[in-house]
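Below is one structure, written out as structure tokens, with a few remarks after it.
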Amino acid sequence: MEFRDLRAQYDKYKEEIDSAILEVIHNTSFISGKQVETIEKRLAKYVGTKHCISCANGTEAMSLVLTVWDIKEGDAVFVPDFTFFSTGEVVAARGAVPVFVDVRRDTFNIDTVKLEKAINRVIDEGKLIPKAIIPVDLFGLPADYTEIDRIAGQYGLRILEDGAQGFGGSIDGKKACRFGDAATTSFFPAKPLGCYGDGGAIFTNDDELASLLSSLKVHGKGSDKYDNVRIGVNSRLDTVQAAILGVKLTAFIEHELEDVNRAYRLYTDKLKGSVETPVIPAGYVSSFAQYTIKLKDREERDSLQVYLKGKGIPSMVYYVKPMHKQGAFSDIKHNEEYYSVTNELCDVVLSLPMHPYLTEEDIDIVVDGIRSYSDNRYTA
Ligand SMILES: *Cc1c(COP(=O)(O)O)cnc(C)c1O
């Protein structure tokens, strides 16, 4: 069994994917081929934003937005403590300070009560200027944008939605990657919508931001690539990846999003009473980048993982370490008591195999593995 079975997906779409790749090779339009513009248009339409600007990866997508917003030394940007390193890295890379905020135990997403407290602490200290919030749609579930919008409005902060794991999720029918002033996603192969290498995109309704991003990502181009009006970077989605995404987006819309949600319902029904399963609030849809259960403590989580591995069942720990404990951020002072939930989650979470091609038989094997672990453990 695979943790995320990319091979099963390729087997199903082999003909379409192979011919999409071959078309790019035949046209030798490796950079900025027509498939790039086509996928940007389709992505913007699906998400419901005016603009989609593709780029090299999900990390660069965030960096480009923070660059246009001129986030710099002396600024504070609020980031969940429980996320992938990138979300804080892009802030520190600009010389600004990522202020880590604890998450909610039920949704794994940024705790808006603690967010507001963190903003007020930064204001009271008077050393940094609060500029932006980067909520993360962790494991596929959109963050609480109703509250985040209210807080951003009250304190005059911008919102950058990190939808690297969230593509396809929604709140009351409104798709992820359209919340906030700008949103980003990643097409890293294991994400909900992945390509066959690195790739990313930015979504926004802001015309000026969109035009600056399009310039920045191609060496600060003006009227063309050889007219350079600002210092930029080289951050493009290549044509082969765009062509692959063309096939995969169709599969994602036609059945994959539904299929991961079917897997979620099966897991959750079958695991009832055995372990704590993910909570999806009313009105929310997750794209299930991960299906994450919670165990009692680190010892139980780690021994379950070893037990499952012995039965050939893969699982992963996202994340072993809170952001505030990462060595790269050791110069930022923090107070442990602000992070009680993230500290606990890092000890107890375990992500189970999850992808659109997971069969009910696979799910039964995983569930039986977890059940037999509990039985052995508590009757021994
Ligand atoms: C994967 C990921 C990123 C970075 O995306 P890349 O394409 O790998 O650069 C950023 N944020 C989160 C939450 C992610 O999971």
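Grab the DSSP H runs of the chain that are 4 residues or longer, score each as -39,500 (n - 2.57), total them, divide by all residues and round the 222 nm result to the nearest 500 deg cm²/dmol. Present the calculation step by step, with values, prior to reporting the outcome.
On the way: 12 runs with 160 residues, N = 380.
-13500 deg cm²/dmol, from helical runs alone.
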*Quick one: accessible surface of Thr107, probe radius 1.4 Å, all protein chains present, in square angstrom to the nearest 10.*
20 Å²
*Select from Cys177, Thr250, Gly126 the residue farthest towards the positive end of the dipole of the chain; place +1 on Cβ of Lys and Arg, -1 on Cβ of Asp and Glu, and compute about the Cα centre.*
Gly126
_For Ile332, Ile110, give me the order by solvent-accessible area with a 1.4 Å probe, most accessible first, ignoring ligands, DNA and RNA._
Ile332, Ile110
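In debye, nearest 20, what is the charge dipole magnitude of the chain about its Cα centre with +1 on Lys and Arg Cβ and -1 on Asp and Glu Cβ, if you could check? Write out the running numbers ahead of the final one.
Values: 45 positive and 57 negative charges, 58 e Å.
In debye, rounded to 20, the chain gives about 280.
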_Greater than 24 Å separation of Cα atoms is the criterion. Which listed pairs, Lys45/Lys131; Lys191/Lys333; Lys41/Lys175; Lys41/Lys131, meet it?_
Lys45/Lys131; Lys191/Lys333; Lys41/Lys131
*Name the residue farthest towards the positive end of the dipole of the range 1-145 from the options Thr87, Val113, Ala20, assuming +1 on Cβ of Lys and Arg, -1 on Cβ of Asp and Glu, about the Cα centre.*
Val113
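Rounding to the nearest 20 debye, state how big the charge dipole of the range 255-379 is about its Cα centre with +1 on each Lys and Arg Cβ and -1 on each Asp and Glu Cβ. Before the final figure, lay out each step's value.
Numbers: 15 positive and 20 negative charges, 41 e Å.
In debye, rounded to 20, the range 255-379 gives about 200.
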_Per residue, how much accessible surface does the chain expose to a 1.4 Å probe? Answer in Å², no decimals._
43 Å²
*Would you list His219, His26, His355, His51 from the most to the least accessible area, probe 1.4 Å?*
His26, His219, His51, His355
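The values are calculated or read from the model by the stated rules, or taken from the named source; none is laboratory data. Everything numeric here is computed off the predicted structure, so don't read it as measured data. A quick note on method: Cβ atoms are made from the backbone with ideal geometry, for glycine too, and the neighbour counts reach across all protein chains shown. Keep in mind that these areas ignore ligands, DNA and RNA; they rest on the heavy atoms of the full protein, side chains included. Shrake-Rupley method; radii C 1.70, N 1.55, O 1.52, S 1.80 Å.
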